[in-house]
1. What pairs can you find where one residue is in the stretch 97-118 and free of Cβ contacts under 8 Å to residues at least 24 places away in the same chain and in the same structural domain as residue 75 (by TED's automatic domain parsing), the other is surrounded by 12 or more Cβ atoms within 10 Å (Cβ to Cβ) and outside any helix (DSSP H, G or I), and their Cβ atoms are less than 6 Å apart, with a gap of 6+ or different chains?
2. Given the structure, is residue 113 surrounded by 12 or more Cβ atoms within 10 Å (Cβ to Cβ) and either within 24 Å of residue 136 (Cβ to Cβ) or at pLDDT below 90 (or both)?
3. Restricted to the stretch 78-110, and to residues that are hydrophobic (A, V, I, L, M, F, W, C) and within 17 Å of the chain's Cα centre (by Cα), which residue is surrounded by the most Cβ atoms within 10 Å (Cβ to Cβ)?
4. Anything in the stretch 96-131 that is in a helix (DSSP H, G or I) and farther than 23 Å from residue 79 by Cβ? List them, or say none.
5. Given the condition surrounded by 13 or more Cβ atoms within 10 Å (Cβ to Cβ), modelled with pLDDT under 75 and farther than 13 Å from residue 56 by Cα, answer yes or no: does some residue in the stretch 10-33 qualify?
6. Taking the stretch 16-75 only, how many residues are hydrophobic (A, V, I, L, M, F, W, C) and part of a helix (DSSP H, G or I)?
7. Would you mind telling me which numbered condition in (1) under 17 Å from the mean Cα position of the chain (by Cα); (2) surrounded by 12 or more Cβ atoms within 10 Å (Cβ to Cβ); (3) at pLDDT below 90; (4) not hydroxyl-bearing (Ser, Thr, Tyr) residue 66 fails?
Amino acid sequence: MSKNKSTKGTVKEVASKKAVSISEAAEINEVTRQAIYVAIKLNKLKAKKESTRWTIQLDDLEAYRNQKYSRSKSTYNGELLFDHSKGYYSINQVADMLKVPNQKIYYATRAGHLKAHRKGAAWVVHMDDVKQYQDKHLKQKKSKLKAG
């Protein structure tokens, strides 16, 4: 949400209400107004239209936030996709760990430098493969840069 736009009321002021507007719901969830409209249209967020204004009960907004999609909760065949306790991470998580752009990790998987497995719509990378890639490809490039 743009910081230049002013909304009616702050999050603290909203807490004393039982229902909020689209703008207030967007501010609370730290998303755009459009994201709230889409959630309503997809019946993921309960809302009531009173004349020309939508109102959303705070309880319904809380329920929406609790059931909202999260990559960390994604499952495939009943198992967590990115189970860190078993060493499985997403491409974005690997990029963050290695402090490189996401596209570098996607390229490394396509080029065969980094093993990744497709599970449904997601790419899953095991920590052992990340370490191997890091040792073999990232450290080599750093040493070449220092030598050159």
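The values are calculated or read from the model by the stated rules, or taken from the named source; none is laboratory data. Just so it is clear, the model here is predicted, and its values are computed rather than measured. Positions of Cβ are generated from backbone atoms using ideal geometry, with glycine treated the same way; all protein chains shown enter the neighbour counts.
1. Listed pairs, sorted by first residue: 109/116; 117/124.
2. yes
3. Only one residue tops the list, namely 94.
4. 98, 102, 103, 104, 106, 107, 108, 110, 111
5. The answer is no, given that none of the residues of the stretch 10-33 is surrounded by 13 or more Cβ atoms within 10 Å (Cβ to Cβ), modelled with pLDDT under 75 and farther than 13 Å from residue 56 by Cα.
6. 12
7. If we test residue 66 against (1) under 17 Å from the mean Cα position of the chain (by Cα); (2) surrounded by 12 or more Cβ atoms within 10 Å (Cβ to Cβ); (3) at pLDDT below 90; (4) not hydroxyl-bearing (Ser, Thr, Tyr), just (2) comes out false.
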